[in-house]
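No value in this document is a laboratory result; all are computed from the given coordinates. What you are looking at is a predicted structure, and each value in this text was computed from that prediction instead of being measured. Counting neighbours? That spans all protein chains shown, and the Cβs are built from the backbone with ideal geometry, glycine included.
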Amino acid sequence: MPMERKDIDLIKELMPCVRCGQCRSVCPVFHAKGVESDAPRGKVAIVRALLEGKLEPTKSLIEKLDQCLLCRTCVQDCPSGVRVDRIIIAARERLAALRGVPLRKKVLTRWLMPNLNRLQPLIALASRIQNLFGGKVAAGNYRRPRFRLPLIGKRLLPHLTGQTLHTLVRKNRKTRKGTQRVLFFSGCMITHVNPGIGEAVMEVLERNGVDVVVPREQVCCGLPSLAAGDRETFEGLRQQNLKVLRENDCDAIITACASCGSTLKEHYGPELPMKIYDFSEFLVDQIKMSPPLLRVEKTVTYHDPCHLRKAQKIKDQPRSLLKRIPGLSFHDVKDPDRCCGFGGTFSLNHPSLSQQINDTTVKQLVETGAELVVTSCPGCMLHLANGLYQCGSKAQVVHLAELLAASYGPMAEDGETE
């Protein structure tokens with residue numbers, strides 16, 4: 001892979017690595033596989049050797065660089081501050097330019113994710129026939145496949161409502177006048193697969209005097225494309241979203257998906273006039289929040305999404321919100337920053353490795369004795385629910401916003417608790 005002028009920035013990212021090996025002690029992929037080339041240090045060495053012409057971009061080497069969750073656990077612990085995630089993404093871009101984006105990734109990141117609004121009729125159809133594929137399980141709003149399916153095997157599927165968040169907003173929202181007006185960037189999963197999470201986010205914000213706008217024109221944040229090395233598709237999605245975000249006169253942008261939030265903050269934020277906040281960050285740090293009143297007599301634990309704790313440095317706010325819910329018994333997990341192994345397309349491309357990483361995380365969650373596993377990322381929710389189901393646990397997985405909305409109780413038309 002001959003070096004080009006644009007590789008100078010990548011070389012600068014590589015140089016601070018002193019090969020101390022600290023990353024080996026925390027990397028979930030290295031823990032699962034135990035091979036030096038699977039550690040962040042090993043992958044950095046591979047990228048450097050590629051740029052220096054000492055290695056050829058073979059299929060096995062490309063596969064090796066694909067086995068990174070981009071979870072940033074190594075970045076969090078690196079004493080030299082090496083951004084391994086940026087190095088891996090840049091290397092994938094160079095390899096994609098040479099070899100093209102693999103077909104499986106191209107289907108997802110170039111054809112499926114950018115066009116979910118157009119594909120909604122197919123999602124609605126799937127919701128009507130989903131009973132044929134499997135029944136609901138204890139782990140939450142998910143279904144168990146009756147037979148092996150392409151790409152996902154017999155892993156749990158999300159229960160589909162057949163409606164988008166935009167449809168529910170039109171049906172159920174009343175016009176209110178709050179003290180602030182925010183734009184909710186809901187993201188693909190919440191908009192099309194888990195719209196109930198979006199409704200919960202809006203209910204909690206409105207209960208606290210915040211008006212919420214959900215633009216129909218928003219599209220995928222682009223992270224799957226970026227992670228696949230498809231910079232062209234990512235940039236197209238980014239520009240489309242920037243146009244939508246700029247056109248709406250709001251005080252702030254709110255996200256409830258850790259991956260969307262980190263992508264917006266890093267790749268959109270510098271070009272926007274308003275700040276971007278995670279749902280929990282906004283409630284705790286930006287407004288005077290009304291206390292939830294209804295008791296939730298449950299034992300809970302919290303799973304930190306990597307793109308929330310490590311990318312956005314948000315760890316205390318979700319726990320602060322949980323501890324405000326009356327009746328709740330909170331038990332923290334032993335290693336709260338342990339990756340669940342989802343990693344978006346990583347779980348599709350490397351299912352066995354993804355599940356092996358997930359098993360370790362789920363074991364710690366089960367050890368807390370929690371009835372509810374709370375998190376702030378729809379992707380983590382799906383992967384954790386599958387892990388809990390596979391190990392026979394009866395614990396349910398819920399989004400932080402759903403639990404908060406339940407503690408506030410049903411909302412009357414005047415915005416008060418019924």
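Worth pointing out:
- Highest to lowest packing among 90-97, 255-262, scored as the average C-beta count within 10 Å: 255-262, 90-97
- When the Cα gyration tensor is reduced to axis lengths a ≥ b ≥ c, the ratio a/c is 1.5 or higher for the stretch 346-407, and with a/b not above b/c it is classed as oblate.
- Once divided by 2.2 N^0.38 Å, the Cα radius of gyration of the stretch 154-303 becomes 1.08.
- For the chain, with +1 on Lys and Arg beta carbons and -1 on Asp and Glu, the positive-most of Ala45, Pro195, Leu103 along the dipole: Leu103
- The chain: antiparallel DSSP beta bridges as a percent of all, rounded to 5: 20
- Using the rule -39500 (n - 2.57) for each DSSP H run of four or more residues, divided by the residues of the chain, the 222 nm mean residue ellipticity is -12500 deg cm²/dmol.
- Mean Cβ count within 10 Å, highest first, over the residues of peptides 275-287, 6-18, 51-63: 275-287, 6-18, 51-63
- Alpha-carbon centroids, the stretch 310-376 and the stretch 1-63: separation in whole Å: 28
- Over 23 Å between alpha carbons, listed pairs Lys298/Lys323; Lys363/Lys394; Lys12/Lys275; Lys12/Lys43: Lys12/Lys275
- Residue among Leu205, Phe330, Ala32 farthest towards the positive dipole end of the chain, charges placed on Cβ: Ala32
- Point-charge dipole on Cβ atoms (K/R +1, D/E -1) for the chain, about Cα centre, debye to 20: 1040
- This model, with +1 at the C-beta of Lys and Arg and -1 at the C-beta of Asp and Glu, gives the stretch 299-407 a dipole about its Cα centre of some 220 debye.
- Shape analysis of the stretch 5-100 based on the Cα gyration tensor places the equivalent ellipsoid semi-axes at 20, 15, 11 Å, largest first.
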